[in-house]
Amino acid sequence: MPDGISAVIVLLFACFRSGASYPMEFGANSAQRKCGRVHLTVSASQDTHLELNWITECPHPDNLRPDYIALYNYDLKDRNEEAPPLLRIRASDYPEGYYKSKIKFGQPWLPGNWEYRETLMRADSGPHCFPYWIASIRGSDIIDSRCLGIQPTWMNDNRLQIGTQKIGNLFIPGTHNSGAFSGVPKFLENYILNQDRSIWTQLVHGIRYLDLRIGYYEHEGFYVNHDLVRIAKAVQIFKEIRKFLQLAPKEIIVVDFHRFPYPSNFNTTLHEKFVSLVYEYLGDLALPPGGLQVGKGPTLNEIWAQSKNVIICYADKAVARENYWLWQPLQQHWANTKNVDTLKSFLSRAIKEHRVTLNPMFALMAELTPQPIDLIFRTNNLRKLANDVNRKLTKWFRDEWARDVNIVATDYFLGNDIINVAIEANVNR
Ligand SMILES: *[C@@H]1O[C@H](CO)[C@@H](O)[C@H](O)[C@H]1NC(C)=O
């Protein structure tokens, strides 16, 4: 509990650092949109209600626009006899191309035998669907239909198209504060948790970048923290990463030990101790940077040729230099704003102005941040802010920035379509 309170204080201070504000940008590229294309998302609110999304920009003449958007619990393409949909709405009633249903997604079992257990030895590769399909319909035609699903092996599934891509040129879907998904007092939850799925579930869905903050507690060891609040034992998270890679050995995960917030003097002794713990669990899977940290880094084919699948980035330069299997610090571009327009111009500028660092990758932190006043008045919590921006993120990264970005880390990632957007962008790059 004292941790929780001190965390709020730390947040208060962190939030005072002002987010830069840049002029708005106009004239974004207007690439071909696919009229009536659909996808499902899950609300970041506690209700986890399913959200229907469709593309509303349609070419003239306007004879492709969907009449209805519907949600089914079966794949329309698999059935002959037609059971009624779970719900159906008139597309023109929702000009934004968005409808939040009252259907709760919750925390269902992961399909394809991907539900976590320590004894799990095999799971089915390729994408898998939850029993929810969205479709856009015009007359008696299905314009588009897609399920809400997982992409546990998307790198391997698309290896022929993406193998020659360099890691610094790949669109890598990630999570911000990946470990902040549970384990804090209720009254703080909405200001501390950036996610509502475990690390395992994130990886199974297709997340490939984990942003981790580490704390050390005498007698209890290392934890994944959000600032001063501890969330989960680091070892449990390493076990999940390891288990996942055992089942999906061609997936490549970027693990970013980005900050060491507790204790405030996280000294050399603690770094040494932590590095040996990481090595014990992930050392044999770690891709040593060797001469690979130049330009945009190695291609996926080059990484696969070494049979390694974790790239471990370490925020302390000296420690990274001393351990041949650690990569140099990874730069995160963080707007620290709760304003959607400010975030957009910040990200657009970061994409244009990013300069190469010692690490060939860089991360865009595509999320809004509550400001001190919000903590005091209990407004703009992380769930609300994620709901404010997640739909927009899908559009920006799909329609404007798909070719230019590397790592994109979001909050409550099921509220956007970043995983599928990234896969599609990589296949088309
Ligand atoms: C580093 O911190 C730990 C834990 O607080 C302490 O036990 C250790 O003596 C410190 N080491 C150095 C070299 O200061």
- Task: Among DSSP beta bridges lying fully in the chain, give the percent that are antiparallel, nearest 5.
- Result: 55
- For the range 93-145, listing trypsin sites (Lys or Arg not before Pro) in a DSSP loop whose Cβ sees at most 10 other Cβ atoms within 10 Å gives 117, 122
- Helix-derived [θ] at 222 nm for the chain: sum -39500 (n - 2.57) over DSSP H runs of at least 4, divide by residue count, nearest 500? -8000 deg cm²/dmol
- Item | Between 0 and 90°, nearest 10: helix 418-428 axis offset from the chain longest Cα axis | 80
- Item | Distribution of pairwise C-alpha distances over the chain, 10 Å bins, in % | 4, 21, 32, 27, 12, 3, 0
- So what is the relative contact order for the chain, in percent, with contacts set as C-alpha pairs under 8 Å and at least six apart? 19
- Note on the structure: Once the mean of 1/r over all distinct C-alpha pairs in the range 172-278 is inverted, the Kirkwood radius in Å reads 14.2
- Note on the structure: Largest-first semi-axes in Å of the equivalent ellipsoid built from the Cα gyration tensor of the range 173-213 are 20, 10, 7
- Using the structure shown, select from 338/384; 296/352; 100/384; 344/392; 296/392; 77/395 the pairs with a Cα to Cα distance greater than 18 angstrom. 296/392; 77/395
- Which percent of the Cα-Cα distances in the range 260-390 go past 22 Å? 54
- Task: Only bridges with both residues in the range 139-231 count here: give the DSSP antiparallel percent, nearest 5.
- Result: 75
- Item | Distance from the range 112-133 to the range 355-429 (C-alpha centre basis), Å | 26
- Taking Cα pairs closer than 8 Å and at least 6 residues apart, the relative contact order of the range 277-429 in percent is 19
- Restricting to lysines and to Cα separations under 16 Å from residue 102, and discarding same-chain partners fewer than 8 apart, the set is none
- Query: If you project the alpha carbons of the range 99-230 onto their three principal axes, what span does each projection cover, largest first, in Å?
  - Reply: 63, 43, 33
- Can you sort 164, 337, 119, 48 so the residue with the fewest Cβ neighbours within 10 Å comes first? 119, 164, 48, 337
- Item | Amide H partners (placed H, <5 Å) of residue 327, local residues excluded | 312, 313, 314
- Message: Can you give me the angle between helix 382-395 and the longest principal axis of the chain, using Cα atoms only, in degrees from 0 to 90, rounded to the nearest 10?
- Response: 60
- Item | lysines whose Cα lies under 26 Å from that of residue 273, excluding same-chain neighbours fewer than 8 positions away | 233, 239, 243, 308, 317
- Message: Rounding to the nearest 10 and keeping the result within 0 to 90°, find how far the Cα-based axis of helix 268-282 lies from the longest principal axis of the chain.
- Response: 50
- Per-residue Cβ contact counts at 10 Å, fewest first, order 316, 417 as 316, 417
- Given GluC sites (Glu not before Pro), DSSP loops and at most 16 other Cβ atoms within 10 Å, the longest exposed-site-free stretch of the chain is 221-429
- Task: Run through the DSSP bridge list for the range 296-411 and note the antiparallel percent, rounded to the nearest 5.
- Result: 0
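A short reminder: the numbers here are calculations on the coordinates, not readings from a lab. All values reported here derive from a predicted model rather than from experimental measurement. Don't worry about glycine lacking a Cβ; one is built from the backbone with ideal geometry, like all the others, and counts go over all protein chains shown.
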